[in-house]
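J.: Shown below is the structure under consideration.
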Amino acid sequence: MKVLVLGGGPAGMTAALAAARAGAEVLLLEQNERIGKKLLLTGNGKCNYTNLELDVARYDTDSPDFVRELIKRYPPKTIIRFLEELGVPPLSRHGGWIYPHAEQAAAVLNALRAALEREKVAVRTGIRILGIQREKKGGFRIRTEEKPLYADRVMLALGGSALAKTGSDGSGFRYAEELGLKLEAPRPALCPLRSTERENPFFRTAQGVRVPAELTLLVDNAVRGKESGELQLTKEGFSGIAVFQLSLVAGRALAEKRKTELCINFLADFTADTDFFARRLSMPFATDLEAVGNGLVPKNLWGALLRRAALTPQQAVKRGDWELAKKLSEALTASRFTLQGLGSLEKAQVSAGGIALSELSGQSLSFRRVPGLYAAGEILNVTGPCGGYNLHWCFASGLSAGQSAASDEVRI
Ligand SMILES: Cc1cc2nc3c(=O)[nH]c(=O)nc-3n(C[C@H](O)[C@H](O)[C@H](O)COP(=O)(O)OP(=O)(O)OC[C@H]3O[C@@H](n4cnc5c(N)ncnc54)[C@H](O)[C@@H]3O)c2cc1C
């Protein structure tokens with residue numbers, strides 16, 4: 001059996017390995033000069049590849065049942081064992097986020113590359129795929145910048161469309177569409193969030209501020225997520241890991257044109273209620289509002305929050321001004337911002353959306369309507385939050401798809 005794997009990311013490498021181990025002759029094609037370019041960037045170069053507390057319900061997909069079933073077959077401990085057997089022991093951080101013990105993504109890539117070599121997978125780099133066509137007599141013709149290639153079995157592992165400079169530029173989605181497969185429109189995920197334009201004055205003043213904060217995502221006024229961590233204010237909205245975590249759910253809500261808001265507590269580490277501000281307003285240092293905020297939060301943030309609450313730093317304050325104390329507490333601990341969109345794909349870690357799982361036949365990761373075609377990784381409509389969810393999906397789907405491609409009975 002010959003299998004042609006398109007794309008040398010974690011999903012393609014794993015699928016190639018699994019297919020070769022199941023007895024197939026495998027050729028892997030990659031346009032970059034080296035495989036695994038994006039893998040090297042993962043987890044800040046440390047590669048968070050799975051999660052002991054993986055909650056399958058957090059994947060955004062058109063078929064939660066399919067994902068649940070696949071991850072039941074390939075749970076975190078299986079992925080940890082897969083890499084351990086390649087010589088990479090795990091390290092657990094932040095309560096179950098799993099990294100290679102050396103905390104170097106290069107260790108994972110080196111192990112995968114060595115395994116591909118041991119399994120005699122042929123790897124051709126520096127070759128761009130330009131299209132995939134079905135042949136009348138069965139099988140596929142792969143258009144490249146060089147001579148076309150022919151194969152009976154093809155694995156689509158061309159990734160998504162986030163951070164195109166790593167190679168995944170969304171061309172895989174185009175080829176899938178040309179083959180007649182249904183796609184959910186790709187959108188940025190694990191990315192910054194943009195606020196409405198009417199908040200521009202706020203961000204003009206507050207941009208560049210980084211503060212610990214508690215964030216609550218509201219969709220149609222219902223709480224849909226809570227995260228805390230460092231919040232970064234940008235020219236047009238919000239960034240930082242806590243924001244990235246909420247962006248998956250926010251992105252879906254925005255795509256469905258629902259009212260999506262971020263409620264922010266800028267003073268997450270203590271209780272800054274009306275009482276607190278009433279006391280602060282009575283202190284000798286509290287000559288004006290600028291002095292009231294001094295030392296509490298960064299000056300730019302304070303100024304921007306005051307303006308948003310129709311207050312000014314020069315405003316004099318008086319003892320026992322309960323109304324003002326209430327206003328300040330609300331501005332600092334429960335500021336609501338309406339969201340308008342997501343950061344660009346260039347600032348996103350992944351793209352959500354992709355080839356609909358409803359196109360797949362059973363758990364083999366092959367396509368019902370295109371016999372001989374398989375897929376794995378981010379090109380499929382499965383996206384998880386930060387914490388190793390996306391690489392877990394790449395490894396799990398790669399292992400399963402590679403094995404199927406090498407052993408499935410295909411009816412053409
Ligand atoms: C900065 C950053 C940090 C991340 N950190 C984490 C993390 O810690 N944990 C986690 O789980 N996930 C993380 N991710 C997400 C993770 O990297 C991806 O989900 C994963 O790389 C997807 O793997 P893939 O094999 O499906 O696709 P990719 O890794 O994108 O690989 C696809 C390959 O196909 C090649 N290709 C595409 N089109 C063509 C073509 N036309 N011709 C030839 N070759 C082509 C590309 O060059 C690429 O090498 C992070 C992503 C980024 C950007």
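The values are calculated or read from the model by the stated rules, or taken from the named source; none is laboratory data. Note that the structure is a prediction, hence the values are computed from the model and not measured. Here the Cβ positions follow ideal geometry from the backbone for every residue, glycine too, while neighbour counts run over all protein chains shown. All accessible areas refer to the heavy atoms of the entire protein, side chains included, with ligands and DNA or RNA removed. Shrake-Rupley method; radii C 1.70, N 1.55, O 1.52, S 1.80 Å.
J.: Among 309, 31, 240, which residue has its Cα furthest toward the positive end of the charge dipole of the chain, with +1 on Lys/Arg Cβ and -1 on Asp/Glu Cβ?
T.: 31
J.: D for the chain, whole µm²/s, Stokes-Einstein with Kirkwood Rh over alpha-carbon pairs at 25 °C and 0.890 mPa s: what number?
T.: Calculated translational D: 107 µm²/s.
J.: So how far apart, in nm, are the two label points at residue 263 and residue 285 if each is 7 Å from Cα heading toward Cβ?
T.: According to this spin-label approximation, the distance is 3.0 nm.
J.: Another question, then. Quick check on the chain: of the DSSP beta bridges with both residues there, what percent are antiparallel, nearest 5%?
T.: That works out to approximately 75 percent antiparallel.
J.: Further question on the same structure: Stretched out fully, how many nm does the piece from residue 197 to residue 127 gain, at 0.36 nm a residue minus the Cα gap?
T.: Length gained between residue 197 and residue 127: 20.9 nm.
J.: Roughly how many Å² of residue 125 are accessible to a 1.4 Å probe, to the nearest 10?
T.: Its accessible surface works out to 50 Å², give or take rounding.
J.: Then there's this: Provide, as a two-decimal number, the C-alpha radius of gyration of the stretch 278-412 over 2.2 N^0.38 Å, N being how many residues it has.
T.: 1.95
J.: So what is the calculated 222 nm ellipticity per residue for the chain, using -39500 (n - 2.57) for each DSSP H run with n of 4 or more, over all residues, to the nearest 500 deg cm²/dmol?
T.: Mean residue ellipticity, 222 nm, calculated: -9500 deg cm²/dmol.
J.: Once neighbouring chains are kept in place and the probe is 1.4 Å, which whole percent of the accessible area of the chain is contributed by carbon and sulfur?
T.: Heavy-atom surface of the chain belonging to carbon and sulfur, 1.4 Å probe: 48 percent.
J.: Can you give the FRET efficiency for residue 136 and residue 255, using 1/(1 + (r/R0)^6), R0 = 45 Å, r = Cβ-Cβ distance, to the nearest 0.05?
T.: 0.75
J.: Which value, in debye to the nearest 20, describes the size of the charge dipole of the stretch 1-85 about its Cα centre when Lys and Arg Cβ atoms bear +1, Asp and Glu Cβ atoms bear -1, and nothing else is charged?
T.: Around 200 debye, computed over the stretch 1-85.
J.: Let me ask something additional. Express in % the proportion of alpha carbon pairs of the stretch 217-267 at distances exceeding 19 Å.
T.: Taking all Cα-Cα pairs of the stretch 217-267, the fraction more than 19 Å apart is 22 percent.
J.: Okay, next question. With +1 on each Lys and Arg Cβ and -1 on each Asp and Glu Cβ, how big is the dipole of the stretch 168-221 about its Cα centre, in debye rounded to the nearest 20?
T.: Computed charge dipole of the stretch 168-221: roughly 220 debye.
J.: Moving on. According to the Kirkwood expression over distinct Cα-Cα pairs, how big is the hydrodynamic radius of the stretch 235-289, in Å?
T.: Roughly 14.5 Å, rounded to one decimal.
J.: If I model the stretch 48-161 as equal point scatterers sitting on the Cα atoms and use the Debye formula, what is log10 I(q)/I(0) at q = 0.15 Å⁻¹?
T.: -0.95
J.: Same structure, new question: Please report the net charge: other residues with Cβ closer than 13 Å to the Cβ of residue 110, K and R +1, D and E -1.
T.: That works out to +2.
J.: Same structure, new question: In the neighborhood of residue 406, defined by Cβ-to-Cβ distances under 14 Å, what is the net charge if each Lys or Arg adds +1 and each Asp or Glu adds -1?
T.: Charge balance near residue 406 sits at -1.
J.: Can you tell me the length gained on complete extension of the stretch residue 309 to residue 94, counting 0.36 nm per residue apart and subtracting the Cα distance?
T.: 73.7 nm
J.: Oh, and also: Determine the dipole magnitude for the chain: charges of +1 sit on the beta-carbon of Lys and Arg, -1 on that of Asp and Glu, nothing else is charged, the reference point is the Cα centre, and the result goes in debye to the nearest 20.
T.: 560
J.: Using a 1.4 Å probe, what is the accessible area per residue for the stretch 289-368, in Å²?
T.: Accessible area per residue, the stretch 289-368: 45 Å².
J.: Have a look at the stretch 193-342 and give its Rg and Dmax from the Cα atoms, expressed in angstrom.
T.: When restricted to the Cα atoms of the stretch 193-342, Rg and Dmax are 15.5, 51 Å.
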